[in-house]
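Below: one structure, written as structure tokens.
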Amino acid sequence: MSGIVIRRPRAEDGDDVAAIYAFEEVVAFTTQLPHRDVQFWRDFYRTRDPEGVELVAEVEGRVVGHLGMFLNHAPRRKHVGSFGIAVHPDFHGRGVGKALMSEMINLSDNWLNLVRLELSVASENARAIALYRGFGFEVEGEFKMDLFRNGRYADTTRMARLRLSNTG
């Protein structure tokens, strides 16, 4: 899909970001609860990691994707970042996640000097796992009964991407 703009979020994006997470099919694949208010999503990444990176994907003036990175501040893990991503269901499969991931990789490799990017993903979220694999993420393990949603336990898959060289 052309016309995807990746940028930092603005204060007026809060309603659109909250709308992404208003869908149970989106929240079900996160560790979040449904029915969070707009202010929660406006502040989520800034309160958890004020120095982290937050990006949105905009299509025709509407925010339809959201990505946040947490930078590790522990002295021996400053080379590690983790992230979460969500795309509005109307835009699944249209390149929004890929555009967000591309910019996150660019920032990680060329500006933040991160060597390891890691995440946990719901094991049955095949679309997300395929997206991450396309960016060089590999499965490192599976956590049984790690996520509770819709009255049932689900497994999560731990994935990571290593940047072993900074030459090039």
So, in region 136-154, how many residues would count as being modelled with pLDDT of 95 or more, within 23 Å of H88 (Cα to Cα) and surrounded by fewer than 15 Cβ atoms within 10 Å (Cβ to Cβ)?
0
Among the numbered criteria (1) outside any strand (DSSP E or B); (2) over 18 Å from S120 (Cα atoms), which single criterion is violated by Q32?
(2)
Subset of region 61-107 (residues that are touching a Gly at 6+ places or on another chain (Cβ under 6 Å) and more than 17 Å from E118 (Cα to Cα))
V87, V96
Out of all the residues in region 62-72, is one or more surrounded by fewer than 17 Cβ atoms within 10 Å (Cβ to Cβ), modelled with pLDDT of 90 or more, of a type in the set (D, E, K, R) and part of a strand (DSSP E or B)?
yes
Which pairs have Cβ atoms under 6 Å, sit 6 or more apart or on different chains, and link a residue in region 1-20 that is more than 16 Å from H92 (Cβ to Cβ) and among the hydrophobic types (A, V, I, L, M, F, W, C) to one that is modelled with pLDDT under 90 and surrounded by 18 or more Cβ atoms within 10 Å (Cβ to Cβ)?
V17/W41; A18/W41
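The values are calculated or read from the model by the stated rules, or taken from the named source; none is laboratory data. Being a predicted model, the structure only gives us computed values, none of them experimental. Note that each Cβ is placed from the backbone with ideal geometry, even for glycine, and that neighbours are counted across all protein chains shown.
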